[in-house]
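Worksheet for the structure shown next.
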Amino acid sequence: FARNTEVYGEDEPAEYLYQVISGAVRTYRMLDDGRRQISAFYLPGDIFGVEADDVHLSSAEAVNDAQVLVVKRSSVLARAEHDKDLTRQLWTLMVCELQRVQKHSLVLIKNAEERIAGFLLEMAGRSTSNSAIELPMSRQDIADYLGLTIETVSRTITQLVQSGVIVLETSRRIAFRNRAALSRLNA
């Protein structure tokens, strides 16, 4: 999928499961007032499109050029009826997705600095590097994920740079200078 290309739309039939091979995917809903609320970012290895019902509750689109493995949902469920390991993996996937949603809902009650710190730590936890992260998403995406304005995201990142907590190596590559301080902000 090319950058900003829709993988599936809200209320479309949930006939497939998806796994990110490369790139990144975001899921989102459009609010009644026209704002976009991003509910999740999926990175390589992540599975998305898991629904309790037969339609998607949100839309999904590629954040950047993304390779996505697409598997027929009915085939996976049919196989899971006879494969206990697959059944266990699907259960774990659903529980992890539920936990992700619960954690994200708690983020939205924090102040801007706490939200940004938590987001950076979340992305670091999903990265292979301990010292820096490369963010595939834009500042607007981050704002829509955290329920902030793009100006607040930019101002808060600048404050974290000025306080020596992080270093902006490029506009999307962030190095951690004081991870303990970032963790304290997220507490």
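The values are calculated or read from the model by the stated rules, or taken from the named source; none is laboratory data. These figures come from a predicted structure and were not determined experimentally. Reconstructed Cβ throughout: ideal geometry from the backbone, glycine too, with neighbour counts over all protein chains shown. To get the accessible areas, we keep the full protein, side chains included, count just its heavy atoms, and leave off ligands, DNA and RNA. Shrake-Rupley method; radii C 1.70, N 1.55, O 1.52, S 1.80 Å.
Tabulated values for the structure
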quantity	calculated
Condition broken by ARG184, with the remaining ones in (1) in contact with a strand residue (DSSP E or B) (Cβ under 9 Å, 6 or more places away or on another chain); (2) within 12 Å of LEU121 (Cα to Cα) satisfied	(1)
Residue within the range 9-21 that is within 26 Å of ILE116 (Cβ to Cβ) and open to solvent by less than 50 Å² (accessible area, probe 1.4 Å) present	yes
So LEU17, is it assigned to a strand (DSSP E or B) and either acidic (Asp, Glu) or in contact with a Lys or Arg (Cβ under 6 Å, 6 or more places away or on another chain) (or both)	yes
For PHE1: the one exception among (1) touching a Ser or Thr at 6+ places or on another chain (Cβ under 9 Å); (2) more than 20 Å from VAL95 (Cα to Cα); (3) among the aromatic types (Phe, Trp, Tyr)	(1)
Qualifying position, being crowded, with 18+ Cβ neighbours inside 10 Å, out of contact with any strand residue (DSSP E or B) (no Cβ under 9 Å at 6 or more places or on another chain) and polar (S, T, N, Q), among THR149, THR156	THR156
Considering residues of the range 146-175 that are in a loop (DSSP other than H, G, I, E, B), hydroxyl-bearing (Ser, Thr, Tyr) and within 21 Å of the chain's Cα centre (by Cα) only, the residue nearest to LEU108 (Cα to Cα)	THR149
Positions within the range 139-162 being without any contact (Cβ under 8 Å) to a residue 40 or more places away in the chain and within 17 Å of VAL25 (Cβ to Cβ), in sequence order	GLN140, ILE142
Selection count, the range 22-38, where residues are open to solvent by 40 Å² or more (accessible area, probe 1.4 Å) and part of a strand (DSSP E or B)	5
Pair list, Cβ under 6 Å, 6 or more apart: the range 114-125 residue among the basic types (Lys, Arg), other residue in a helix (DSSP H, G or I) and modelled with pLDDT of 90 or more	ARG115/LEU146
Filter pass, TYR42 being aromatic (Phe, Trp, Tyr), out of contact with any Leu (no Cβ under 7 Å at 6 or more places or on another chain) and closer than 17 Å to LEU135 by Cβ	yes
Count of residues meeting criterion [under 15 Å from the mean Cα position of the chain (by Cα) and closer than 14 Å to ILE166 by Cα] in the range 93-116	1
Within the range 33-58, tally of residues that are touching a Ser or Thr at 6+ places or on another chain (Cβ under 7 Å) and among the hydroxyl-bearing types (Ser, Thr, Tyr)	2
Of all residues in the range 133-143 being more than 18 Å from GLU113 (Cβ to Cβ) and charged (D, E, K, R), the one that is farthest from the chain's Cα centre (by Cα)	GLU134
Output for the range 80-137, where each listed residue is part of a strand (DSSP E or B), small (Gly, Ala, Ser) and open to solvent by 40 Å² or more (accessible area, probe 1.4 Å)	none
Residues of the range 39-79 satisfying the condition of being open to solvent by 80 Å² or more (accessible area, probe 1.4 Å), touching a Pro at 6+ places or on another chain (Cβ under 9 Å) and either in a loop (DSSP other than H, G, I, E, B) or β-branched (Val, Ile, Thr) (or both)	ASP54
